[in-house]
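Read-outs: derived from the displayed coordinates by stated rules, not from any lab. Quick caveat, the model's predicted, so the values are computed rather than measured. So basically every Cβ, Gly included, is an ideal-geometry build from the backbone, and we count neighbours across all protein chains shown.
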There are 2 protein chains.
Amino acid sequence: MIANAYRTQVPQTLTSTLVPQMLAEYGALTRAAMKHYLSAGEPRRYLYDLLADYPERGGKMMRPSLCIATARAFGAPVEAALSTAVAIEILHNALLIHDDIQDESEQRRGRPTLHVLHGIPLAINAGDTMTLMSLHPLMDNRSIIGEALAARVLEETERTALQSAEGQAIEIGWRRDNLFDFDDTDYLELVLKKTCWLATIHPGRVGALIAAQDTVDLEPFVRFGFFLGAAFQIQDDLLNLIGDEETYGKELDGDIFEGKRTLMLIRLFRESNSAERAQIRDLFALPRNRRTLEQVRHVRALMDKYDCINYARAIAHGLVGAAQHEYSLLYDGLPASRDKDFIRGLVTWVIERTST
Amino acid sequence: MIANAYRTQVPQTLTSTLVPQMLAEYGALTRAAMKHYLSAGEPRRYLYDLLADYPERGGKMMRPSLCIATARAFGAPVEAALSTAVAIEILHNALLIHDDIQDESEQRRGRPTLHVLHGIPLAINAGDTMTLMSLHPLMDNRSIIGEALAARVLEETERTALQSAEGQAIEIGWRRDNLFDFDDTDYLELVLKKTCWLATIHPGRVGALIAAQDTVDLEPFVRFGFFLGAAFQIQDDLLNLIGDEETYGKELDGDIFEGKRTLMLIRLFRESNSAERAQIRDLFALPRNRRTLEQVRHVRALMDKYDCINYARAIAHGLVGAAQHEYSLLYDGLPASRDKDFIRGLVTWVIERTST
C-alpha cells in the first residue's frame, strides 16, 4: 500500500465536495454557451446532429472549469474567460472524435463512438468541423477582452493544438510500428504533448493571461499543468484497467485491446522476461479485431504479476506532490477564493476520481 | 458537337500561355512561402514528413494564384496577399488528405495517397495539423495588413471552411445512404459548398478585400466564383472519365469506383431504365473493394449510352459563359493588367485544361 503523503495537505472536502460542485457549475455555464456555437444548421443528419452528440453525452468539464477558475483566481470575471473556455471544450470534443477513429474505440461516454454510429468519413468531417467551430468563440473574444488579448489567446491555442497533434502523432506512430521499448521519461514526454497541453497547461495559461494580461509569468503554468495533467492521464489509464464498468463509460481493458502505450504496458514490457515480451509483441502485431479477450486477459494478468498498477499509482502520487508544490508557488500569494480552493482540490481529485 | 460560344470572347493566348505562366509564377511564390510554415520539427517521420508530402507533389496552385491575382487586379501588392494565399493552399492540402481517406482514394498527384502510405490514423492527424497550420499565416497577417483586415480575412476563412465542411458532409451522406435521385440543382448546390467556396469564391473575396478593404462589394464574387468553380469541378470529374492516364495523376474511372455523385452519374440515373437503375443501385450498395472493374466499365458504357459526357460538358460551357458575364461586371472597370487578363483566361482554362 502506498502512503498517501499528498493527502495530508488538502482537506478532504475540497476534493470530494467543492471540486464536483464547481465542475458542475462552470460546466453548466460552458455547456450553455457551447450550444450557441454548435447550433444546428443544414445538413443536420450528416453534420450538425453529429456535432451536438459528444457534448450532449456529458463529460467532466475539467478543462473549461480550470480555465474559468484560473481567470477568476487571478481576478477576472467569468465573462472574460467564458468564450475561451468554450473554445477549449469544443476543441477537446473535436479531438475525441478523431481519437476514437484513430484508436478504433467502440465506446465513448457510455455510448457507441461517433464513427461506429455514422461511419468513418462522416465522423472525420464532424471532427474537422468541430475544430473549425472552436475558432468562433476565439474570434468573438475580440469584443470581450480586446483585440490584443484575443490575439494572444488565439496564438496560445494554436501552439497548444500543435502540441496535441505532435503528441498524437508520436502515440499513433509507436503503436503503428509496434514499439514498446520506452522508459518512463519517454512516456511522460508523450503525455506532456498529447494530454497536458490542452487539458491542464493551456487552461491555466490562458486563464491567467486573460486576468493578468502580461503581468504574470506563464512559464510556471507549464510545470504545474504538466504534473497535474500527467497524474490525470495515468489515473485515466488506471481506471481503464480497474474502474467500475457501470460508471466508467468505455470498455474496460479497452486500452489493452487498442495497444495503447500506457505507463503500465511500458513497465510490463520492461520488467517481463523474453518469452513474455515476445508474446506481447506478437499480440500487438495483430490487427485489433484479431486480438482475443483471452490474450487481453493474459496481458492484464502479467500487469499484476509485475505490479504495474501499484507502480503507476505511485508515480501518479509523486506527480500530484509535485503539482501541489507548483500550486503553492503560483497560488499562495493570491487572495483566498473558491476558485483557488477548487484548483487546490483538483490536484488531488485527478487521481482520486473513480470515473473518467 | 457543342458550339464553343464562350470561345469567341477570349483570345486563345490568354488561356494557353498566360494562365499556365502565371500559375507557375504565383505558384512558385506561394510554395516558397509555404515551406516556411510547414518547416520540419519533431516527430518528423510520424508528422512533419507527412505534411510536406502533398505540397511537394505539385498541384495546380489555382487557388492561391487567384487570390494574389485578384488582390493585384484591385491594386494591392503581392506581399499583401501572399500569406492569405499560403493559408488557402495549406487548407486545401489539409482537406485533400481527409478527402482521400473519406473517398478511399488510392492515388493523388501521381503517387499513393497519404493514408495508403502511412495508415489512416497518422493521415487523419496530418490533415488536422495542416488545418491548424493554415491559421499561422492568417495570424501573421496582423503585422502585414493590420489587425482589422486580418480579422476580416480570418472570418472569411472560417466561413469558407464551414461551407466546405457542409458540402463534404452532404456528399459523403449521399454516398453512405446510396442516394442517387437528384436533379442538377441539387448537384450544383453541393458543388457550391464543397468546391466553389474554397476554390474560387474565397480567393476572389479575400483578394478584393485585402486590396480594396470595405470599398468593394464582395457579393458578386460569390456568383463569379460559383460559375467558375462549378465549371472547374465538372471538368475535374470529366477528366476522371476521359483524361489521359499519363498526365492525370489519379486512377481513371476512380470516381465511379468511389461512387462519387458527379453530374454524369446523376444524369445517368435520371435517364436510365428501371433495370439499369437497379443495377446501379446494387453496384454502389457494395463496399468499394467489392466493386469489379467489369461493373465499373458497365456504368461507364451506360454513361455513353445516355450521352452523359456531352451533357455535362454543355453545362460546364454554360457555366463558363455565365462566369464570363460576371467577370465583366467585376473587372471591366479596373485598369488593364496581367492579373486581370489572367483571371479572364482562367475562366476558359478551367474547362480547357487536360490535367487536374
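Amide H contacts under 5 Å for residue A:107: A:113, A:251, restricted to partners 5 or more places along the chain or on a different chain, H placed in the peptide plane at 1.01 Å from N.
Relative contact order of the range A:8-352: 22 percent, from C-alpha pairs under 8 Å at least 6 residues apart in sequence. Dipole magnitude for the range A:8-352: computed about the Cα centre from +1 point charges on Lys and Arg Cβ and -1 point charges on Asp and Glu Cβ, it is near 320 debye. Taking the convex hull of the alpha carbon positions in the range A:243-353 and averaging its projected area over all directions gives 8.9 nm². Sorted shortest first, the separations between the residue A:183 label point and its copies elsewhere in the assembly read 7.1 nm; each point sits 7 Å from Cα along the Cα-to-Cβ line.
In the structure shown, the pairs A:193/A:340; B:193/B:340; A:194/A:260; B:194/B:260 are assessed against 19 Å; a Cα-Cα span above that value is assigned to A:193/A:340; B:193/B:340.
Entry note: the range A:16-108 has Rg to Rh equal to 1.02, where both radii use alpha-carbon atoms and Rh is the Kirkwood radius.
Counting only the Cα atoms, chain B fills a convex hull of 124 Å³ per residue. In chain B, the longest principal axis of the Cα atoms and the axis of helix B:293-305 are about 80 degrees apart. Summarising the overall dimensions of the range A:48-98 from its C-alpha atoms, the Rg and Dmax are 12.2, 37 angstrom.
Annotation: Cα Rg of the range A:268-317 relative to the compact-globule expectation 2.2 N^0.38 Å equals 1.23.
Distances, shortest first, from the label point of residue B:318 to those at the same position in the other copies read 7.3 nm; the point lies 7 Å along Cα to C-beta.
Would you work out if the range A:149-273 is rounded, prolate or oblate? Take a ≥ b ≥ c from the square roots of the eigenvalues of the alpha-carbon gyration tensor; rounded if a/c is under 1.5, else prolate when a/b is larger than b/c, oblate otherwise. Since a/c reaches 1.5 and a/b is larger than b/c, the shape of the range A:149-273 is classed as prolate. From largest to smallest, the equivalent ellipsoid semi-axes obtained for the protein assembly as shown from the alpha-carbon gyration tensor read 48, 31, 21 Å.
Computed from Cα atoms, the angle from the helix A:78-103 axis to the main principal axis of chain A rounds to 20 degrees. Sorted shortest first, the separations between the residue B:36 label point and its copies elsewhere in the assembly read 3.6 nm; each point sits 7 Å from Cα along the Cα-to-Cβ line.
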